[in-house]
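The values are calculated or read from the model by the stated rules, or taken from the named source; none is laboratory data. Predicted model only: the values in this text are computed from it and were never measured. Cβ: placed from backbone, ideal geometry, glycine included. Neighbour counts: every protein chain shown.
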Amino acid sequence: MSEPQDTIFSKIIRKEIAAQVVYEDDLAIAFKDIHPQAPIHILVIPKQPIPKLDDAQAQDAALLGHLLLTVKHVAAHLKIKDGYRVVINNGENGGQTVDHLHLHILGGRHMKWPPG
């Protein structure tokens, strides 16, 4: 497992860096992406630092489920109509640029397939 690093997301969790937060609870925080790839682009991150999905362990199962339910809650709160896409980039070749697990919610337009 990779060692957790102090990342921009860690600083957002600690309120050292401002973010446009749309949801927060004891386990997760959701905020607007500063480089949106769709009209709606929200990041959902766990407050517990997990560098990437490959580093998640069996004991993280409840947290991982909570993150998906947080995505559902945020999408409903934002009234995303006609669907949305959830993306987890894992590792450098997967397009992950911050070493802190995060889920992208993309919505507000039709998503094409295949991506990337």
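The condition (being surrounded by 13 or more Cβ atoms within 10 Å (Cβ to Cβ) and either without any contact (Cβ under 8 Å) to a residue 60 or more places away in the chain or over 13 Å from the mean Cα position of the chain (by Cα) (or both)) is satisfied by just one residue among LEU67, LEU43: LEU67. The residue that is nearest to ILE29 (Cα to Cα), counting only those in segment 78-90 that are loosely packed, with under 12 Cβ neighbours inside 10 Å and modelled with pLDDT of 95 or more, is LYS79. Just one of the listed residues (LYS11, LYS52) is more than 23 Å from ALA76 (Cβ to Cβ) and surrounded by fewer than 17 Cβ atoms within 10 Å (Cβ to Cβ), namely LYS11.
Let's see how each residue does on (1) farther than 17 Å from PRO115 by Cβ; (2) of a type in the set (Ser, Thr, Tyr); (3) part of a loop (DSSP other than H, G, I, E, B):
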| residue | (1), (2), (3) |
| --- | --- |
| TYR23 | yes, yes, no |
| PHE31 | yes, no, no |
| HIS35 | no, no, yes |
| ALA62 | yes, no, no |
| ALA76 | yes, no, no |
| ASN89 | no, no, yes |
